[in-house]
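> I am attaching a structure below and will ask some questions about it afterwards.
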Amino acid sequence: MLELLSIIVLILLTMVSYASGVTLAANRREYPTAVLDLLIVAVLWLILFWLRPQVDRLPLLAVTIGLGVVVGYLGGAVRLAGRKDVHVLPASELPEHAREKVGDTAVPPHNIFKRGWRRWSDFAGRMGDVQGRLLMGFFYFVVVTPFGLGMRLLSDPLAIKKSPPHSNWHPKESTDLTLEAAKEQG
């Protein structure tokens, strides 16, 4: 049980650290997650699972975080380097009534804890966006695609493959031809 838990922690921590690196590289810009990101995370998992028997648990967590952040940052910086049309996210996504105001203009809070919390909330939201896209991408390729291929290859729900080649017509046999059955049709 502890072994399974450590595998799950390693998988999730790799995704979190990679998403953190990508978010740091994006620097308030929108990052379009692609299949390449899924492949990079999968390669990171293979490397870390190979290192797992050779390294103790605590250093392995540090390696996981460090490697994920560095690879995510480098991959994000390379992917965003050539893009000039990258959309910059607004400085504050708080609704108007939630912003602190002095006169008619909204100002950032002077409390260092509020500023830190807002920066963390902004960073965590963008990081969560990358993580969500990674999770849904893995779900799609690991669960949905094999299921769809299996259904496509192994089933025939419309009985098209078994029908005679000259017609797809299936005659309907009526079961009850009484007057009472006709009145029950509505």
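The values are calculated or read from the model by the stated rules, or taken from the named source; none is laboratory data. Values in this document were obtained by computation on a predicted structure and should not be read as measured data. Note that we place each Cβ from the backbone using ideal geometry, even for glycine, and neighbour counts take in every protein chain shown. Quick note on the areas: whole protein, heavy atoms, side chains included, nothing else; ligands and nucleic acids left out. Shrake-Rupley method; radii C 1.70, N 1.55, O 1.52, S 1.80 Å.
> Taking only the alpha-carbon positions of the range 1-45 and ignoring solvent, what does the Debye formula give for the base-10 log of I(q)/I(0) at q = 0.26 Å⁻¹?
Rounded to two decimals, the profile gives -0.94.
> Can you give the FRET efficiency to the nearest 0.05 for Val9 and Glu184, using r as the Cβ-Cβ distance and R₀ = 41 Å?
Rounded to the nearest 0.05, the efficiency is 0.10.
> Give me the accessible area per residue for the range 123-185, probe 1.4 Å, as a whole number in Å².
88
> Can you tell me the mean projection area, over all orientations, of the convex hull of the range 16-66's alpha carbons? Units nm², please.
Result: a mean projected hull area of 3.7 nm².
> How much net charge surrounds Asp176 when only other residues with a Cβ under 14 Å from its Cβ are counted (Lys, Arg +1; Asp, Glu -1)?
-1
> Work out from phi, with θ = phi - 60° and the Karplus expression 6.51 cos²θ - 1.76 cosθ + 1.60, the ³J(HN,Hα) of each residue of the range 116-128, listed in order in whole Hz, and give x for Gly and Pro.
x, 5, 5, 5, 5, 4, 5, 5, 5, x, 5, 5, x
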